[in-house]
C-alpha cells in the first residue's frame with residue numbers, strides 16, 4: 001500500500017532532515033571543518049574553565065594580569081561549539097532543533113540585556129547569577145562577561161538559529177546560508193582582531209572603561225566563527241567565492257592564503273627577529289620587500305601558466 005502520509009507529518013525517527021545546509025562537492029570537507037572548529041571552541045572554553053578552577057594561569061588567562069574567561073561565556077561557547085559539531089555529524093531531530101532554538105533565543109536575549117548594563121559598569125541579574133554559580137562551582141573568584149564577548153555570542157547564536165531553520169526553496173536556503181556565512185565571518189574577524197592583540201602583547205580595551213574580552217573567550221569565538229562559515233555550506237558567502245573551477249575562485253584560493261601567510265611571517269620577523277638582532281627598520285623593510293616579492297612571484301608563476309593554458313584552450317575551442 002502506498003504511503004500517503006505527508007513528509008512533514010512523519011515521525012522524526014523515520015526522517016532526519018539536515019538542518020545545516022550542505023550541498024555540492026565541498027560538503028564533506030566543510031562538514032569536517034565544522035566539526036573540528038566546533039570541538040576546538042568547546043575544548044578552548046573547557047580548558048579555560050579548568051585552568052580557572054585549578055589556578056593554572058596560562059590556561060585560564062594566557063598570562064598574569066589578563067582577564068580569565070567568565071563562567072557564562074565559557075558555558076555559552078561550549079554549547080555553541082557542541083551544537084555545531086554534533087549537527088555536522090548527525091543532524092538533530094526537529095524536536096531537538098526546536099529546543100535548541102529556544103535556548104539560542106534565550107542566550108540572545110540575556111546577552112542583549114547584559115551589553116548596555118555592562119557598558120554602564122554593572123551586570124544584569126542573570127550575569128550576576130552566573131558569576132555566583134562560577135564562584136561556587138569553580139572555587140575561584142570569577143568575573144563578569146565583556147560586552148564584546150556578549151556581542152560575539154549574540155551574533156553566533158543568531159547565525160546558528162537561522163542555520164537550524166527548516167529547509168525551504170533553493171533561493172531561500174541560499175539567502176539563509178549567505179546571512180549565516182556573513183555573520184560567521186564577522187564573528188571570526190572580530191575575534192581574530194582581539195586574539196592578535198593578545199599575541200602582540202597589546203590586548204584591546206585594557207586601558208578603557210569597557211571590560212575587555214578574555215583571550216580564551218576570543219579564541220573560542222574565532223573557532224565558532226570559522227565553524228559557522230563552514231556550516232553555511234559551499235554555496236554561501238564567503239565560501240562560494242573560493243570553490244569551483246572558475247578563474248576567480250582559483251585565483252582567490254591562491255592569493256588570499258598567500259597574502260595572509262606572508263603578512264604573518266613578516267610580522268613575526270619584524271617583532272621577533274628584527275627586534276632581537278637590532279636590525280634597522282629601513283634595512284629590514286628593504287630585505288622583506290625583496291624576499292616576499294620573490295616568494296610571491298615563485299608561487300604565482302606556475303598558477304598563471306596553468307590558468308593561461310586553460311584560457312588558451314577555451315579560446316581555441318570557441319574558434320573551431
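Each value in this text was obtained by applying a stated rule to the coordinates, not by laboratory testing. Keep in mind that what you see is a predicted model, and the values were worked out from it rather than measured. Ideal geometry is used to build each Cβ from the backbone, glycine not excepted, and the neighbour counts take in all protein chains shown.
Tabulated data
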{"read-out": "Length released on extending from residue 317 to residue 175, taking residue separation times 0.36 nm less the Cα-Cα span", "value": "47.5 nm"}
{"read-out": "Label point distance in nm, residue 113-residue 56, each placed 7 Å from Cα along Cα→Cβ", "value": "3.6"}
{"read-out": "Amide N of the range 243-266 lying under 15 Å from the label point, which is placed 7 angstrom from the Cα of residue 296 along Cα→Cβ", "value": "252, 254-266"}
{"read-out": "For peptides 244-256, 35-47, sequence by mean Cβ density within 10 Å, most packed first", "value": "35-47, 244-256"}
{"read-out": "Two-site FRET efficiency, residue 120 against residue 205, from Cβ-Cβ distance with R₀ of 25 Å, rounded to 0.05", "value": "0.95"}
{"read-out": "Sequence of 176, 109, 182, 224 once ranked by neighbouring C-beta atoms within 10 Å, starting from the fewest", "value": "109, 182, 176, 224"}
{"read-out": "Sorted by Cβ neighbour density within 10 Å, fewest at the top, the residues 127, 111", "value": "127, 111"}
